[in-house]
């Protein structure tokens with residue numbers, strides 16, 4: 001496994017073919033991109049909304065464009081990447097469905113990772129606390145969260161079926177370790193899906 | 001500043017070259033011979049792989065990192081070029097060429113027309129940004145520089161960078177386009193027209209034939225004052241001057257420069273005329289106004305970057321309303337649509353278009369990281 005990457009990013013990195021072309025949407029300061037560039041000779045490009053993150057990534061020598069997943073994916077041609085990656089960003093977009101459609105148009109494969117809003121801790125917090133959940137993976141309060149479209153693993157599975165997206169693989173994380181797919185909607189804090197066109 | 005120099009006498013500070021060309025012009029016809037004024041810093045390495053061309057803006061010149069001979073000021077891009085700066089003469093061979101049409105030594109309206117032995121004046125051909133770039137390519141051939149590790153510039157310099165990448169994709173490995181655009185906007189053409197009309201309304205302009213008498217300095221100064229406002233931002237002006245009065249405690253109830261900002265602008269206008277030729281101002285603003293990179297590519301900007309192998313870095317400043325971020329995004333969009341390799345950052349700054357000339361640590365880090373990754 002790729003060392004020192006966030007667990008969901010490590011899963012993505014482990015499952016990307018050496019020498020491929022990737023577009024990392026919401027790439028932050030480029031941690032995944034630089035790991036893939038250095039360890040898998042990947043031609044990596046990124047999109048990131050925060051200018052300080054973009055500056056940090058470009059200063060590291062990465063090719064990153066300051067932009068927005070909702071607005072700027074249209075400019076990328078069809079099939080221009082082997083993998084389009086959207087890690088922990090889906091729930092922050094205005095139209096997650098359109099964003100994923102764009103991922104599958106731009107990349108032959110798409111990785112999508114997101115925090116699971118149906119995790120038992122979240123359910124407990126809402127059911128018994130009666131308050132919007134604040135957890136390790138969803139740390140912001142309801143009023144300042146960038147997460148405007150909370151999604152559960154079962155929600156995501158449903159849209160995959162409805163839209164006829166092809167699901168290649170799925171991984172689930174609890175804490176920082178992988179967990180089984182059975183009961184994932186209740187037990188997994190975090191999901192990673194690999195889709196293809 | 002101390003620079004390592006090559007023995008080759010084509011290289012060094014304050015160089016001149018007169019080349020036969022000919023330079024093919026967008027307006028039709030050819031221009032020859034071509035005079036070049038340029039400087040180089042650093043040493044061209046054995047495999048000639050470390051050359052960086054720096055392109056200057058409208059009123060810039062070849063003195064990018066050395067003292068200006070007229071104003072005595074440091075080079076206009078001393079913040080970016082120098083020891084331990086993003087472009088470093090210890091490693092890079094840096095070339096900066098006065099654009100044709102200008103007045104610091106390269107062919108322009110003030111140059112002597114060999115067929116009349118008098119200054120060209122308005123007989124100088126109307127040139128374009130693409131013409132400037134083709135002229136630079138002729139000089140680089142003369143300097144023995146085939147391939148450029150990078151072409152880098154802000155404002156009109158950025159237009160040249162784009163034109164370089166489009167016209168000579170195989171000669172440009174990395175391109176840095178700062179505070180610029182792939183086309184001149186209507187608003188920018190409008191400001192330029194105000195400046196040109198100011199020059200031409202000065203009775204001393206005499207249809208450009210003023211070289212044997214007084215130059216139209218009043219017109220040129222006003223043109224510079226108007227333009228200078230566009231290089232700043234309201235926030236920057238407020239921060240620097242506010243409504244503060246100049247050397248007085250009370251309003252004069254007259255038309256002296258009561259306000260600091262008036263005094264500052266007058267100073268900008270007056271000092272500009274000492275170092276710049278009014279006709280050059282007409283020609284170069286015209287070249288910028290005519291610039292629309294997509295024109296030569298069927299109106300589709302992305303076609304200018306088709307199959308490009310050049311790496312691009314595009315930088316804008318959020319307070320720059322002359323070449324706003326939207327223009328930079330348009331460039332980025334086109335490069336992405338062409339499948340090219342581009343980075344883009346909008347940097348926060350209060351200082352408007354001029355930000356790229358000022359000390360901007362974030363810009364320096366970005367340029368530095370981008371250029372290093374291309375080595």
Flag if residue B:231 is out of contact with any strand residue (DSSP E or B) (no Cβ under 7 Å at 6 or more places or on another chain), crowded, with 19+ Cβ neighbours inside 10 Å, in contact (Cβ under 8 Å) with a residue 60 or more places away in the chain and closer than 27 Å to residue B:80 by Cα: yes
Subset of the stretch B:121-131 (residues that are surrounded by 22 or more Cβ atoms within 10 Å (Cβ to Cβ) and under 25 Å from residue B:205 (Cα atoms)): B:124, B:127, B:128, B:129
In the stretch A:154-176, the residues that are touching a residue at least 40 places away in the same chain (Cβ under 8 Å), assigned to a loop (DSSP other than H, G, I, E, B) and within 19 Å of residue A:108 (Cα to Cα): A:163, A:165
Residue B:349 being within 14 Å of chain A (Cβ to nearest Cβ), in contact (Cβ under 8 Å) with a residue 12 or more places away in the chain, in a helix (DSSP H, G or I) and touching a strand residue (DSSP E or B) at 6+ places or on another chain (Cβ under 8 Å): no
Options A:125, A:87, A:113; residue that is more than 14 Å from chain B (Cβ to nearest Cβ) and out of contact with any helix residue (DSSP H, G or I) (no Cβ under 7 Å at 6 or more places or on another chain): A:125
Residue B:374 vs. criteria touching a residue at least 24 places away in the same chain (Cβ under 8 Å), more than 7 Å from chain A (Cβ to nearest Cβ) and buried (at least 21 other Cβ atoms within 10 Å of the Cβ): no
Residues of the stretch A:61-81 classified as surrounded by fewer than 18 Cβ atoms within 10 Å (Cβ to Cβ) and away from every other protein chain (no Cβ under 13 Å), total: 1
Matching strands (runs of 3 or more DSSP E) fully within the stretch B:1-118 where at least 3 residues are under 18 Å from the mean Cα position of the chain (by Cα): B:34-41, B:51-55, B:93-97
Residue B:280 within 13 Å of chain A (Cβ to nearest Cβ) and buried (at least 20 other Cβ atoms within 10 Å of the Cβ): no
Answer from B:332, B:342 - the residue that is in a strand (DSSP E or B), at the interface with chain A (Cβ under 7 Å from one of its Cβ atoms) and touching a strand residue (DSSP E or B) at 6+ places or on another chain (Cβ under 9 Å): B:342
Residue B:248 being at pLDDT 95 or above and part of a loop (DSSP other than H, G, I, E, B): no
Qualifying residue in the stretch B:178-188 (condition: on the phi > 0 side of the Ramachandran plot and surrounded by 23 or more Cβ atoms within 10 Å (Cβ to Cβ)): yes
Qualifying residue in the stretch B:316-323 (condition: crowded, with 24+ Cβ neighbours inside 10 Å and facing chain A (nearest Cβ under 10 Å)): yes
Members of the stretch A:35-60 found to be surrounded by fewer than 19 Cβ atoms within 10 Å (Cβ to Cβ) and either within 11 Å of chain B (Cβ to nearest Cβ) or touching a residue at least 12 places away in the same chain (Cβ under 8 Å) (or both), listed by number: A:39, A:40, A:41, A:43, A:50, A:51, A:52
Residue that is nearest to residue B:204 (Cα to Cα), among those in the stretch B:214-226 that are part of a helix (DSSP H, G or I) and free of Cβ contacts under 8 Å to residues at least 40 places away in the same chain: B:218
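The values are calculated or read from the model by the stated rules, or taken from the named source; none is laboratory data. Please read all numbers here as calculations on a predicted model, not as lab measurements. Every residue, glycine as well, gets a Cβ built from its backbone with ideal geometry; the counts of neighbours run over all protein chains shown.
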